[in-house]
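The values are calculated or read from the model by the stated rules, or taken from the named source; none is laboratory data. Here the structure is a predicted model, which means the values were calculated and not measured. Cβ atoms come from the backbone with ideal geometry, glycine included; neighbour counts cover every protein chain shown. Calculation scope for accessible area: heavy atoms of the full protein, side chains included, ligands and nucleic acids excluded. Shrake-Rupley method; radii C 1.70, N 1.55, O 1.52, S 1.80 Å.
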Amino acid sequence: MLNESLQRLLDSDIWFSFKQSKVTVCAALVSTTMILAAAVAPLISLQNPFDPASLSLMDAFSPPVWLDEGTWAFPLRSDNQGRDLYSAILYGSRVSLLIGFSSVLLAMLVGVSLGLVAGYIGGVVDGIIMRVADVQISFPAILIALLIDGVMRAILPGERHEEMVFYVLVLSIGLSQWVQFARTVRGSTMVERNKEYVQAARVIGVSRVMIMLRHILPNVMGPVLVIATISLAVAILTEATLSFLGVGVPPTEPSLGTLIRIGQDFLFSGEWWIVIFPGITLATLILAVNLVGDWMRDAFNPKLR
């Protein structure tokens with residue numbers, strides 16, 4: 001069964017389109033490599049930058065390995081806390097990707113659910129959901145995320161907020177991105193609900209919930225996957241922006257955005273590497289994911305086939 005599915009994939013137009021696009025192949029390889037490197041960070045890093053016991057302030061601002069005083073203990077130099085920058089980038093990418101994936105999953109769950117309900121039921125329910133979406137889409141996503149983060153900071157005490165900062169970021173970014181999923185799924189559901197297979201399911205007495213989940217949902221997931229890929233890059237960038245503004249993860253467990261914020265404080269004192277290397281990593285990751293998302297958007301568009 002698995003071999004047959006794999007063979008159908010290899011014989012499909014989508015796989016042929018993927019192979020023909022050299023840029024997409026390179027972007028997929030880069031993004032996959034960076035995601036795998038972040039996933040196995042404890043195995044390939046030189047230290048655990050999240051463990052204060054393994055750090056020493058005497059190692060702060062150590063030179064890189066290509067200089068005379070450099071050592072392989074800090075191949076990309078160290079930051080102001082004595083963290084190996086190479087290891088910090090690996091762990092920081094892990095945090096950024098984990099927040100990005102989690103927030104996109106939350107946005108998918110909320111947006112797809114509301115889009116299915118709005119598109120299938122229609123009427124007043126559809127009007128309420130879409131008006132809420134219209135109001136939210138009129139504000140930039142970063143402002144929505146900042147608003148939600150500010151509300152959570154007011155509700156949770158300081159120490160409690162530090163412990164819950166990961167979940168607060170996921171909630172903030174996820175709730176700022178559900179509108180695109182909802183609008184896309186609503187439009188596709190309004191088309192699918194009038195087709196014969198849905199009418200047949202109604203005739204035999206299948207409930208609304210089962211029709212939406214078992215019959216309509218699988219047929220509207222194509223555009224959702226495309227939006228999810230593009231939204232992943234947006235979520236990673238939003239997390240980096242929030243961390244750069246000081247409302248993200250704490251400096252003791254830095255993401256790529258936090259590393260860039262820390263490096264900015266030392267940029268004009270000559271310690272440029274603290275901001276340059278995390279910045280290059282963040283830009284490369286976002287560019288690679290965006291290129292894959294752009295290809296998926298074209299590959300899954302029936303008008304371009």
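Got at least one residue in segment 168-184 being free of Cβ contacts under 8 Å to residues at least 24 places away in the same chain, assigned to a helix (DSSP H, G or I) and surrounded by fewer than 14 Cβ atoms within 10 Å (Cβ to Cβ)? Break it down stepwise before answering.
Initially, segment 168-184 is screened for residues free of Cβ contacts under 8 Å to residues at least 24 places away in the same chain, giving 168.
When the remaining residues are screened for being assigned to a helix (DSSP H, G or I), the result is 168.
So of that shortlist, the ones also surrounded by fewer than 14 Cβ atoms within 10 Å (Cβ to Cβ) come out as none.
Scanning segment 168-184, I find no residue that is free of Cβ contacts under 8 Å to residues at least 24 places away in the same chain, assigned to a helix (DSSP H, G or I) and surrounded by fewer than 14 Cβ atoms within 10 Å (Cβ to Cβ), so the answer is no.
State all residues of segment 201-213 that are among the hydrophobic types (A, V, I, L, M, F, W, C) and either open to solvent by less than 70 Å² (accessible area, probe 1.4 Å) or in a loop (DSSP other than H, G, I, E, B) (or both); if no residue qualifies, say none.
Taking segment 201-213 first, the residues among the hydrophobic types (A, V, I, L, M, F, W, C) are 201, 203-204, 206, 209-213.
Scanning segment 201-213 gives 201, 204, 206, 211, 212.
Could you tell me whether any residue of segment 231-243 is open to solvent by less than 10 Å² (accessible area, probe 1.4 Å), charged (D, E, K, R) and in a helix (DSSP H, G or I)?
Initial filter on segment 231-243 (open to solvent by less than 10 Å² (accessible area, probe 1.4 Å)): 231, 233, 235-236, 239-240, 242-243.
With charged (D, E, K, R) added as a condition, the list becomes 239.
Next, only the ones that are in a helix (DSSP H, G or I) stay: 239.
Taking every residue of segment 231-243 in turn, at least one turns out to be open to solvent by less than 10 Å² (accessible area, probe 1.4 Å), charged (D, E, K, R) and in a helix (DSSP H, G or I).
Check off (1) touching a His at 6+ places or on another chain (Cβ under 7 Å); (2) part of a loop (DSSP other than H, G, I, E, B) for residue 198 and give me the number that stays unchecked.
Condition (2) is where residue 198 drops out.
What number of residues within segment 114-155 satisfy the criterion of being part of a helix (DSSP H, G or I), over 28 Å from residue 166 (Cβ atoms), of a type in the set (Gly, Ala, Ser) and open to solvent by less than 60 Å² (accessible area, probe 1.4 Å)? Talk me through it step by step, then tell me what you get.
Taking segment 114-155 as the starting set, the residues that turn out to be part of a helix (DSSP H, G or I) are 114-121, 123-137, 141-155.
Checking which are over 28 Å from residue 166 (Cβ atoms) leaves us with 116-121, 123-131, 134.
Next cut, of a type in the set (Gly, Ala, Ser) only: 118-119, 123, 127.
Narrowing further to those that are open to solvent by less than 60 Å² (accessible area, probe 1.4 Å): 118-119, 127.
So the count comes out to 3.
Anything in segment 157-190 that is basic (Lys, Arg) and in contact with a helix residue (DSSP H, G or I) (Cβ under 9 Å, 6 or more places away or on another chain)? List them, or say none. I'd like the intermediate steps shown before the answer.
If we filter segment 157-190 for residues that are basic (Lys, Arg), which is where we start, we get 160, 183, 186.
Within segment 157-190, 183, 186 meet the criteria.
Kindly check whether there is at least one residue in segment 281-301 that is surrounded by 19 or more Cβ atoms within 10 Å (Cβ to Cβ) and free of Cβ contacts under 8 Å to residues at least 60 places away in the same chain. Reasoning before the result, please.
First, the residues of segment 281-301 that are surrounded by 19 or more Cβ atoms within 10 Å (Cβ to Cβ): 281-282, 285-286, 288-289, 291-293, 295-296, 299.
Cutting the leftovers down to free of Cβ contacts under 8 Å to residues at least 60 places away in the same chain gives us 286.
Yes; the residues of segment 281-301 include at least one that is surrounded by 19 or more Cβ atoms within 10 Å (Cβ to Cβ) and free of Cβ contacts under 8 Å to residues at least 60 places away in the same chain.
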